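Written out below as structure tokens is the structure these notes cover.
The values are calculated or read from the model by the stated rules, or taken from the named source; none is laboratory data. Keep in mind that what you see is a predicted model, and the values were worked out from it rather than measured. With ideal geometry, Cβ positions are generated from the backbone for all residues, glycine too; neighbour counts draw on all protein chains shown.
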Amino acid sequence: MKQRVILIVSVVVGLIAALLTGQYLRAKDREFKTRLERLTRDNRTIEIMAAKRALPAGTVLTYGDMVAMRASESAVRNRAVEFEDRSMLIGRKLSRPLESEAPIYWSDLEGGNPFNRGLSSDIKLRQRAISIGVGGTAAVSGMVKPNDHVDVLGTFTFPSGTKSGEMEMVTMTILQDVLVLATGRETAKNQLGAADHNTAGGYSSITVEVTPREAEMLVFAEQARGRLVLTLRNPTDLYYEKDLPRVDFTKIQEEIATLNGYRQQRLLGKPVP
């Protein structure tokens, strides 16, 4: 009888030990698989786009400016431009210089990642977005589009500095080379995938990217009941015009001959009599 009890107890202990050993081994197997999956994920590579050569800030990207390369998925996922999204880089402007073979991140582009929701993620650090009431002919017949660059001009009526009690109209360039973030409610993201976004659209305001000080100037210009007008720039034009004058009727009379002579001779290459 005693031997039978010992045998039964031994069998039960063996079964418990086998059960615990099985649970331990299964736990270790799950831990091993989890670590293996994490290691595989961390070392998985994807194909991304990189600069084919050193590119300065302001470069408008073409296929000739970029090359495909492989990089760690965990290091660049959702930040670098992947190979299948390369067409979205064409025509986009770099907001900072890139070294040769440097990965192209969405944050390197003016306008940012088109897949991010909301406009705030597209605004560069230390910049602000502000909307101004401009549309129709004042926005180049509504042909200004998101990601375009414009100059902002304003026309104001001030008390005359030479004739007491009279008012005078003055036009001046307020800001140059300003990035357009949106026209009305249309952003660059909205344009992606659209069948045709080249048609002039109707909107009564545009949103531009400016510094806080520039934002103050634009707010004052609107509050002073000035009329704001945009001039459209070539996306590759980085030229900045210094010392632009305030223009009134007297200035036009003084400068009209000189400006027309410059246009005919320097811009059009025609002889000036």
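Annotation note: of ASP148, ASP122, ASP108, the sole residue that is touching a helix residue (DSSP H, G or I) at 6+ places or on another chain (Cβ under 8 Å) and under 28 Å from ALA50 (Cβ atoms) is ASP122. Out of SER131, SER87, one residue alone is surrounded by fewer than 18 Cβ atoms within 10 Å (Cβ to Cβ) and in the same structural domain as LEU181 (by TED's automatic domain parsing). It is SER131.
Counting only strands (runs of 3 or more DSSP E) wholly contained in segment 164-245, the ones carrying 2 or more residues that are modelled with pLDDT under 90 and surrounded by 13 or more Cβ atoms within 10 Å (Cβ to Cβ) occupy 167-183.
PHE158 passes every criterion in (1) in a strand (DSSP E or B); (2) surrounded by 15 or more Cβ atoms within 10 Å (Cβ to Cβ); (3) free of Cβ contacts under 8 Å to residues at least 60 places away in the same chain apart from (2).
Residues in segment 54-105 that are out of contact with any helix residue (DSSP H, G or I) (no Cβ under 8 Å at 6 or more places or on another chain), hydroxyl-bearing (Ser, Thr, Tyr) and within 23 Å of ASN234 (Cβ to Cβ): 2 in all.
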